[in-house]
1. Out of 145, 118, 123, which single residue is within 11 Å of the ligand (Cβ to nearest atom), surrounded by fewer than 23 Cβ atoms within 10 Å (Cβ to Cβ) and either over 15 Å from the mean Cα position of the chain (by Cα) or closer than 16 Å to residue 336 by Cα (or both)?
2. Only residues that are within 13 Å of the chain's Cα centre (by Cα) and farther than 20 Å from residue 305 by Cα: list them for the range 157-199, please.
3. With (1) away from the ligand (no atom under 16 Å from the Cβ); (2) assigned to a loop (DSSP other than H, G, I, E, B); (3) in contact (Cβ under 8 Å) with a residue 60 or more places away in the chain as the list, and residue 40 as the residue in question, which single condition is left unmet?
4. So which residues in the range 70-105 are under 16 Å from residue 235 (Cβ atoms) and either in a helix (DSSP H, G or I) or within 16 Å of the ligand (Cβ to nearest atom) (or both), if there are any at all?
5. Those residues that are in contact (Cβ under 8 Å) with a residue 40 or more places away in the chain, touching a helix residue (DSSP H, G or I) at 6+ places or on another chain (Cβ under 6 Å) and farther than 23 Å from residue 34 by Cα, I need them from the range 109-129; list them, please.
6. Which of the residues that make up the range 106-129 are more than 22 Å from residue 226 (Cα to Cα), assigned to a loop (DSSP other than H, G, I, E, B) and touching a strand residue (DSSP E or B) at 6+ places or on another chain (Cβ under 8 Å)?
7. Looking at the range 69-89, can you tell me whether even one residue there is in contact with a helix residue (DSSP H, G or I) (Cβ under 7 Å, 6 or more places away or on another chain) and more than 26 Å from residue 218 (Cα to Cα)?
8. Every residue in the range 154-176 that is over 24 Å from residue 16 (Cα atoms) and touching a helix residue (DSSP H, G or I) at 6+ places or on another chain (Cβ under 6 Å), please.
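What follows draws every value from the coordinates through simple rules; no lab data is involved. Just so we're clear, the structure is a prediction, and the values are computed from it rather than from any experiment. Here Cβ is always computed from backbone atoms with ideal geometry, including for glycine, and neighbour counts include all displayed protein chains.
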Ligand code: PLP
């Protein structure tokens with residue numbers, strides 16, 4: 001009776017496994033699971049408190065929200081995209097509780113499809129596609145080894161921290177159009193981009209014909225606990241109406257309070273969230289500097305540093321037991337990560353300073 005694809009899932013989810021090992025180790029600086037560390041800016045918490053208070057008054061009480069989001073939330077997203085030079089229609093924006101669940105939801109638009117995943121990749125892509133019964137293959141670079149119905153692209157990438165340039169992303173868009181594939185573009189870390197890499201796939205001409213973009217305030221605004229994101233499904237890609245219908249089947253929307261906080265994060269709270277992003281960027285820069293000439297990527301457009309080191313579980317345990325650093329073994333992101341560990345900068349400044357000292361010793365003695 002149970003969906004037989006459950007048996008095809010790996011036994012544990014990587015991040016739960018790593019958390020279990022690190023938990024309770026007070027001597028360890030945890031640079032593992034990519035969770036926000038700084039508290040929410042006051043202006044955003046106040047927007048949530050005001051929204052909650054409105055719900056306590058008869059005149060301003062609200063019941064079920066519109067499934068795809070309140071107009072004020074969509075307006076905030078539209079304005080945010082206008083600042084990137086991208087015009088969106090309100091009907092193309094769908095509020096969500098984050099990318100992990102919304103990408104899994106989106107897959108239900110399709111029947112069984114072939115999917116190309118980046119290798120290494122965020123493990124939730126694998127689980128969602130395995131559960132859906134999709135045929136999975138991987139690419140490490142452009143062009144991919146074979147065509148697929150759906151291509152997942154993550155830029156800046158978790159775990160490698162690399163971002164695609166305009167030229168690189170344009171090639172993917174051209175390729176998807178030629179092969180009649182749909183790109184699912186994960187933009188979770190777009191707010192960390194500090195190079196001239198595009199912060200939306202729609203910065204590429206013609207991308208609306210073939211790409212759906214998944215966005216989240218989790219890393220952008222420290223909303224990992226609040227839970228708010230949005231998915232852009234352009235009218236041109238041919239999936240907008242079917243997705244709107246799917247959402248109406250599966251959800252009663254996202255709370256007014258959450259959307260009020262989300263809209264604030266993209267408007268009058270934006271300066272405050274950029275200050276938090278800059279804080280994490282500074283942490284990444286400090287650790288990157290400590291690594292010197294060692295082969296690694298990321299840390300510039302992304303809070304992640306992808307460090308080449310040797311057997312990833314062995315180095316994970318060495319970093320943990322000898323240097324008191326909790327990182328993520330790269331093999332958890334796929335076989336191509338088996339010689340890497342991922343270090344993240346979602347920590348406090350003094351932790352980054354101490355971690356940098358320990359990393360310096362680690363690379364010196366290894
Ligand atoms: N996409 C990527 C690439 C991620 O790294 C993460 C979380 O770590 C997510 C999506 C999940 O985002 P959300 O919190 O919006 O579900």
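1. Going through 145, 118, 123 in turn, just one is within 11 Å of the ligand (Cβ to nearest atom), surrounded by fewer than 23 Cβ atoms within 10 Å (Cβ to Cβ) and either over 15 Å from the mean Cα position of the chain (by Cα) or closer than 16 Å to residue 336 by Cα (or both): 123.
2. Correct list: 184, 185.
3. Unmet condition: (1).
4. Hits for the range 70-105 are 74, 77, 78, 81, 90, 91, 92, 93, 94.
5. Matches in the range 109-129: 109 only.
6. Answer for the range 106-129, where residues must be more than 22 Å from residue 226 (Cα to Cα), assigned to a loop (DSSP other than H, G, I, E, B) and touching a strand residue (DSSP E or B) at 6+ places or on another chain (Cβ under 8 Å): 110, 112, 113, 119, 120, 121.
7. no
8. If the condition is that a residue be over 24 Å from residue 16 (Cα atoms) and touching a helix residue (DSSP H, G or I) at 6+ places or on another chain (Cβ under 6 Å), then 173 is the only one that fits.
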